[in-house]
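No value in this document is a laboratory result; all are computed from the given coordinates. Keep in mind the model is a prediction, meaning the values are calculated, not measured. Heads up, the Cβs are rebuilt from the backbone with ideal geometry, glycines too, and the neighbour counts pull from every protein chain shown.
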Amino acid sequence: MSEYFELPLLILASSMIPGLIIFMLPEEAVRTRIALNMSGALIKVMLVGFVIWGVSNGQQYETRLPFLPGLDLVLKADALSILFITLSTVLWLVTTVYAIGYLENSPHRSRFFGFFSLCVTATVGIALAGNLITFVLFYELLTLTTYPLIVHRGTEEARQAGRTYLIHTMFGGALLLLGTVWLYSLTGTLEFTQRGFVSGLLPDHDNSLIIIFVLLIAGLGVKAALVPLHSWLPRAMVAPAPVSALLHAVAVVKAGAFGIVRVIYDVYGIEVASTLGVTLPLAIVAAITVIYGSVRALFQDDLKRRLAFSTISQVSYITLGIAVAGPIATIGGLVHLVHQGMMKITLFFCAGNLAETLGIHKVSEMDGVGRRMPLTMAAFTLGAFGMMGAPPLAGFVSKWYLGLGALDAGQDWVIFILAGSSLLNAMYFLPILHRAWFREPMHEWPATHYLWRRETAWALLLPPLFTAFLSLLLGLLASLPYSPLEWARFITSLQYAL
Amino acid sequence: MTITESLLLLTPGLPLLLAAPWLRRVVPRFEYVAILPALLLLIFAEQTRVDLPWLLLGSGIGFVEQTPLLLSMALLLWLPAAFSLSVRLQRSDGSLSSEITNRRYSTFFLLTLSGYLGTILAMDVVGFFTFSTLMGYSFYGLLINGGNSNRKRAGRVYLYFIIAADLLLFEAALIAVVATGNLSFSAVRDANLSINMVRDVNLNFEVVRAALISSSHNVTYLSLVIIGFALKAGFWPLYFWLPMTFRAATPPAALLIGGVPVAIALLGLVRWLPLGDITLPLAGMIIQFSGAAAILFSLLYALILRELKTLPTQLTLLTTGLFTVALGVGLSKPDLWQQYGHLAYFYIVFMSLALALLTAVIAWRQDGNLSTDKSMEPTEVRVMWIEHVSEMIVRRIRAMGMETLPRLRASSLATAQNYLHVPVWKKALQNAELILQRWSFAITLLVLLGVIFVLVVMVG
């Protein structure tokens with residue numbers, strides 16, 4: 001038992017307890033709900049800050065609770081989990097502010113914010129999971145807590161999207177569980193270990209290990225939206241904007257991608273995975289997803305659907321970086337976990353602002369919107385250019401390392417995938433920017449009724465501005481200590497024993 | 001921080017800050033204030049370099065031997081442009097539409113200026129790439145702002161070219177890192193060094209040029225850099241955006257075409273290529289040939305199209321052709337480049353100033369001032385020469401009685417059009433998506449079985 005046994009539990013509790021209390025609050029208890037949400041989010045930020053400081057100084061944080069004979073529930077803060085937990089904690093705080101503004105007059109807010117907090121609890125549990133069984137438990141919890149958020153509006157479309165989501169993710173969860181049980185039967189352990197714990201099974205169980213790998217990746221690939229398991233994601237766009245932002249930037253797709261990282265590095269170990277020959281097919285699937293998502297995004301007129309297909313493409317960069325199986329590409333993949341989250345949440349916040357303030361849902365309705373909502377569109381512009389990989393934004397740093405990693409690993413074909421993806425990104429983002437900034441509005445926009453002729457409410461305006469600014473800073477100051485890039489280097493140095 | 005270092009940071013930094021409209025409102029005469037740090041730098045600075053290891057992937061800017069010359073060019077070019085902007089702002093009719101257009105124009109003006117000054121001061125590949133990207137996209141905004149269909153088409157073509165160029169230069173920058181050996185992880189591991197080695201990526205121009213001399217990737221790098229900057233500068237035969245933009249841009253923007261995208265692309269070639277250090281006779285010869293062809297083409301262009309408005313394009317093609325010949329010579333005979341290479345900077349400066357002057361004179365003759373919003377040719381949409389040439393070939397062959405080729409071409413085009421027709425693709429993908437949604441379990445299981453089968457066969 002470590003010195004700070006209770007800290008990972010406290011991090012979980014900081015969102016779970018407010019979530020459970022919020023369920024019991026009446027609808028009209030707005031201030032109490034806001035106070036609970038904000039204090040939970042702020043406490044979590046402080047706790048995570050403390051953990052970052054501790055881990056970088058060699059401190060161990062581990063909670064171990066008995067679960068099944070021979071299997072514990074383990075929560076552990078290591079370098080990799082900190083990367084994900086920091087992202088989810090910071091973005092939860094920002095999304096909470098946004099959601100408060102967005103759902104100001106909506107019904108069922110207590111239910112929404114209750115599940116919202118539980119969803120973050122599950123995400124943090126995934127990040128902190130110290131073994132595969134803990135990971136699977138929180139992974140399933142995430143499915144169950146995000147479903148009510150997707151169907152929140154209660155429309156037929158929302159219910160159908162929720163059903164599709166539930167069926168896909170439960171099916172993925174079943175595959176993941178099957179792979180986990182099979183693996184446990186072979187190894188007798190499920191503890192995440194640096195450079196993996198299955199090497200002892202080689203060469204006798206090669207085929208079993210390959211099949212288990214496929215099961216695990218297929219189970220995780222549903223949430224990571226790898227083609228052809230991605231269909232639920234564009235349909236889930238019916239959810240309110242804060243949920244879309246959370247699904248795409250923090251919780252669901254990231255949980256899948258993070259799981260793939262865990263399986264390759266802490267279950268199999270990169271050397272065993274390479275020996276089994278499973279990394280190249282995974283890289284090919286990721287590359288297909290990168291291109292397919294971008295091509296599909298080109299044809300979408302619905303702004304959120306376009307962003308959804310863009311997520312399918314962009315999240316696969318993470319898988320691609322990991323599967324290329326080299327240290328530099330790993331840095332690129334890991335850092336994109338954070339960078340994509342920051343840029344994509346900006347884009348979804350902006351899409352939400354356009355919908356909430358002006359009723360704009362389609363790209364074809366965006367002519368001249370930059371005049372009416374310049375700050376929102378400025379944030380959108382930064383996010384879009386970041387996605388295209390334009391310097392000095394965060395996306396450039398990710399693509400730089402992915403490209404270098406591909407060259408270093410002798411997989412030059414990845415360069416063409418990156419170039420093709422950048423081109424396609426430009427093809428589906430630049431027309432939006434052109435419409436917004438350079439076209440004449442089709443009609444007079446409704447006048448603003450906010451103080452100082454603000455384009456929208458503060459709670460909706462500040463979050464995208466903040467995340468857009470962070471997207472710029474993450475690229476511009478990528479080489480500073482404690483930046484996501486530096487942290488990704490640190491993780492890679494541990495994984496590759498450098 | 002010394003005064004020079006502060007001025008170095010302020011030179012691209014101040015216009016970047018002033019691009020924010022709310023900041024501009026509190027700074028009177030912002031169009032001149034933005035240029036002020038560059039002027040002060042030119043007057044007071046000593047040769048120095050500022051390393052910024054915290055910036056981006058580790059960057060640096062500096063005031064080196066050629067900087068005063070390039071900054072002088074910048075001032076001579078941007079002061080009239082600022083004056084033109086100033087006149088434009090003063091003549092605004094006060095309507096909301098004109099206010100919005102002017103506000104946007106000022107923002108793009110300042111962003112382009114920041115990118116431009118940044119490229120001049122950048123001391124490394126990544127820094128140069130970053131500033132030139134900022135400049136390129138902002139210049140697009142400057143080109144099409146408040147424009148007619150002609151201007152928008154010109155802007156669109158220009159945008160295609162800079163996107164393609166940036167992709168190529170990004171790949172070239174990656175190759176530069178590989179060439180410098182900064183990122184060889186196997187070497188890091190063998191030498192038992194730390195992963196922190198990769199943090200110290202040094203992509204200063206001198207380091208990159210020196211590393212490329214012995215690198216096996218130098219021809220790939222060279223090709224990517226030359227094609228990348230040729231796209232940006234509008235070299236023959238990749239010059240399609242040039243005549244369109246010269247014709248369609250407003251005079252203040254047209255004034256900057258020669259000095260901004262074209263001149264900075266030439267500067268990029270001089271900075272990025274290991275000229276004077278490397279001997280590549282074959283590549284040099286090919287480049288000289290293309291330069292000579294460009295000169296010939298520009299002369300033919302001048303003879304065929306004796307119009308005043310095509311003069312800037314002709315002159316650009318001629319000067320960039322001459323520059324290409326010089327590049328080729330530099331690659332074939334590095335000793336000659338070592339001896340005369342510094343003249344390339346003077347050439348760039350004079351070329352950009354001459355082009356700006358020529359554009360200004362033409363605009364003056366047409367409209368009587370430099371601040372009008374009218375483009376040189378507001379309505380006519382020109383067909384590109386490549387479209388003319390292909391049409392001419394088809395006509396000629398048809399006249400010779402060879403009907404097969406046009407027919408074949410027509411049928412192939414029709415087939416290709418069927419495939420390329422977006423709604424067909426869209427429909428196919430939409431159907432595929434529906435099938436995926438409807439049969440997700442079956443397809444997933446099928447894919448899983450397929451993957452497992454392939455993997456087992458591969459391992460077996």
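Over region B:3-367, what is the relative contact order in whole percent, taking alpha-carbon pairs under 8 Å and six or more residues apart? Could the numbers behind the result be given before it?
Values: 526 pairs, mean separation 57.5, N = 365.
Over region B:3-367, the number comes to 16 percent.
Database remark: amide H of B:Leu52 closer than 5 angstrom to the amide H of B:Ser59, B:Gly60, B:Ile61 (H placed geometrically; neighbours at sequence offset of 5 or more, or on other chains; Pro and chain starts carry no H).
Taking each residue as 0.36 nm, the span from B:Ser6 to B:Ser149 lengthens on full extension beyond its C-alpha to C-alpha distance by 47.2 nm. Rg of the Cα atoms in region B:3-367, relative to 2.2 N^0.38 Å, amounts to 1.00.
In whole percent, what relative contact order does region A:278-498 give with Cα contacts below 8 Å and a gap of six or more residues? Mind dumping the intermediate values first?
Values: 346 pairs, mean separation 59.4, N = 221.
Here the relative contact order equals 27 percent.
Electrostatic tally near A:Lys223: other residues with Cβ closer than 14 Å to its Cβ, Lys and Arg +1, Asp and Glu -1, net +1.
Counting, for every residue in A:434-444, the Cβ atoms of other protein chains within 10 Å of its Cβ and taking the mean gives 2.
Above 57 Å, the calculated P(r) of the protein assembly as shown contains 13 percent of its Cα-Cα pairs.
Beyond 19 Å, what percent of the Cα pairs of region B:1-145 remain?
On the way: 5272 of 10440 pairs.
That tail contains 50 percent of the Cα-Cα pairs.
Principal semi-axes of the equivalent ellipsoid, √(5λ) from the alpha carbon gyration tensor of region A:373-498, are 36, 20, 8 Å from largest down.
Once the Cα atoms are used to define both axes, helix A:30-56 deviates from the longest principal axis of chain A by about 40 degrees.
Among A:303-316, B:27-40, B:313-326, B:217-230, the peptide with the highest mean count of other Cβ atoms within 10 Å heads the list, and the full ranking is A:303-316, B:313-326, B:217-230, B:27-40. How well do other chains shield peptide A:400-412, expressed as the mean number of their Cβ atoms within 10 Å of each residue Cβ? Mean partner-chain Cβ count within 10 Å for A:400-412: 4. Per-residue Karplus couplings for region B:111-118, computed as 6.51 cos²θ - 1.76 cosθ + 1.60 with θ equal to phi - 60°, are listed in order as 5, 4, 4, 4, x, 5, 5, x Hz, Gly and Pro entered as x. Distance from the Cα centroid of region B:216-278 to that of region B:307-350 is 11 Å (rounded to whole angstrom). The fraction of Cα-Cα pairs per 5 angstrom bin, counted from 0 for region A:105-154, comes to 5, 23, 27, 18, 12, 8, 5, 2, 0 percent, rounded to whole percents.
Per the Kirkwood formula applied to alpha carbons, region A:278-498 shows a radius of gyration over Rh ratio, Rg over Rh, of 1.02.
Per-residue packing, averaged as other Cβ atoms within 10 Å, sorts the ranges A:339-346, B:237-244, A:221-228 into the order A:339-346, A:221-228, B:237-244, beginning with the highest.
Packing-based ranking of A:174-184, A:462-472 yields A:462-472, A:174-184, ordered from highest to lowest mean Cβ neighbour count within 10 Å. Please give the helix A:252-262 orientation as an angle from the longest Cα principal axis of chain A, in degrees from 0 to 90, rounded to the nearest 10. For helix A:252-262, the angle is close to 20 degrees.
Dipole of chain A, Cα-centred, from +1 at each Lys and Arg C-beta and -1 at each Asp and Glu C-beta, to the nearest 20 debye?
Details: 29 positive and 27 negative charges, 210 e Å.
With only Lys, Arg, Asp and Glu charged at Cβ, the dipole is about 1000 debye.
Could you tell me the distance between the Cα centroids of region A:167-214 and region A:391-426, to the nearest Å? The two parts, judged by their Cα centres, are 31 Å apart. Show log10 I(q)/I(0) for region B:310-350 at q = 0.20, 0.21, 0.34 Å⁻¹, two decimals, from a solvent-free Debye sum over equal Cα scatterers. Rounded to two decimals, the profile gives -0.62, -0.67, -1.11. Whole-Hz Karplus values for region B:23-31 come out as 7, 4, 4, 9, 10, x, 6, 4, 5 Hz, taken residue by residue from phi with 6.51 cos²θ - 1.76 cosθ + 1.60 and θ = phi - 60°; glycine and proline positions read x. Normalised by the number of residues in region A:164-231, the mean separation of alpha-carbon contacts (under 8 Å, six or more apart) gives a relative contact order of 49 percent. Is there a pair in A:Lys254/A:Lys399; B:Lys232/B:Lys333; A:Lys344/A:Lys399; B:Lys152/B:Lys427 whose C-alpha atoms are over 24 Å apart, and which pairs would that be? Flagged as over cut-off: B:Lys232/B:Lys333; B:Lys152/B:Lys427. In this structure the amide hydrogen of A:Tyr61, modeled in the peptide plane, comes within under 5 Å of the amide hydrogens of A:Ala77, none closer than 5 places in sequence on its chain. Mean partner shielding of peptide B:165-175, defined as the number of other chain Cβ atoms within 10 Å of each residue Cβ, is 5.
Cα-based values for chain A, radius of gyration first and Dmax second, are 21.5, 72 Å. Projecting the Cα atoms of A:His248, A:Thr275, A:Ala329 onto the charge dipole of chain A (Cβ charges, centred on the Cα centre) puts A:His248 farthest toward the positive pole.
The phi torsions of region B:216-222, fed into the Karplus equation with coefficients 6.51, -1.76 and 1.60 and a -60° offset, translate into couplings of 6, 9, 5, 5, 4, 4, 4 Hz, rounded to whole numbers, with Gly and Pro shown as x.
Between B:Phe83 and B:Arg49, the simple label model (points 7 Å from Cα in the Cβ direction) yields a spacing of 3.7 nm.
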